[in-house]
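K.L.:
Sharing a structure with you now.
The values are calculated or read from the model by the stated rules, or taken from the named source; none is laboratory data. No experiment lies behind these values; they were computed from the predicted model shown. Virtual Cβ from ideal backbone geometry, glycine too; neighbours counted across all protein chains shown. Heads up: the accessible areas ignore ligands, DNA and RNA and are worked out on the full protein's heavy atoms, side chains in. Shrake-Rupley method; radii C 1.70, N 1.55, O 1.52, S 1.80 Å.
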Amino acid sequence: MTVRPAVPADAPAIASVHVRTWQSAYRGLVPDSELDSLSAEARTSMWERAIPRGGVWVGLLDDTVAGFTCVGPSSEPDATSQLYAIYVLPSAQGTGLARELARTALAGHEDVVLWVFDENPRARRFYERLGFRADGHEKFETVDGKELKEIRYRLTGPVT
């Protein structure tokens, strides 16, 4: 297992992981029409723009990108950093890769927030094991006509 900063050549692999994990993790929560419309090709250009700004890390198993994370300045006025994404392929879950991605990407960051779907207990347990706690903030996002509740988690201190 290796975690390293992403490079532009990683964009297609990150996009593929992004789409595949969304389609797996959010099936039954996010409307199928939204999940079925996701395209790695469309996400590749997004990641090609994001990677040079920094804060994007990839996790490799057997020299293949099996996960990624993205951390940067917070869009929230009351926090300094934000975990924008952390996704690991289903085949890599349980290997410790997600924890290592989080630990590496969040090193040196304190007062980190993230948003997670309220109805995503697996992700919520993962964040809680890292030391994040729900801080009482909520928002709603409408995805293809379905309203989804998100709750904010906060980490004040190092990843546990």
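K.L.:
When you scan segment 4-47, how many residues do you find that are over 21 Å from Ala102 (Cα atoms) and touching a residue at least 40 places away in the same chain (Cβ under 8 Å)?
P.N.:
Here the count works out to 5.
K.L.:
Name the residues in segment 108-139 that are under 26 Å from Arg4 (Cβ atoms) and open to solvent by 70 Å² or more (accessible area, probe 1.4 Å), would you?
P.N.:
Matches in segment 108-139: Gly108, Glu110, Arg122, Arg129.
K.L.:
A further question on this structure: Identify all residues within segment 1-29 that are of a type outside the set (A, V, I, L, M) and either over 24 Å from Pro121 (Cβ atoms) or open to solvent by less than 30 Å² (accessible area, probe 1.4 Å) (or both); write none if there are none.
P.N.:
Result: Thr2, Arg4, Pro5, Pro8, Asp10, Pro12, Ser16, His18, Thr21, Tyr26.
K.L.:
Can I ask one more? What's the total number of residues in segment 30-78 that are part of a strand (DSSP E or B) and buried (at least 16 other Cβ atoms within 10 Å of the Cβ)?
P.N.:
15
K.L.:
Quick check on segment 86-96: of everything there that is closer than 22 Å to Tyr26 by Cβ and modelled with pLDDT under 95, which residue is surrounded by the fewest Cβ atoms within 10 Å (Cβ to Cβ)?
P.N.:
Top of the filtered list is Gly94.
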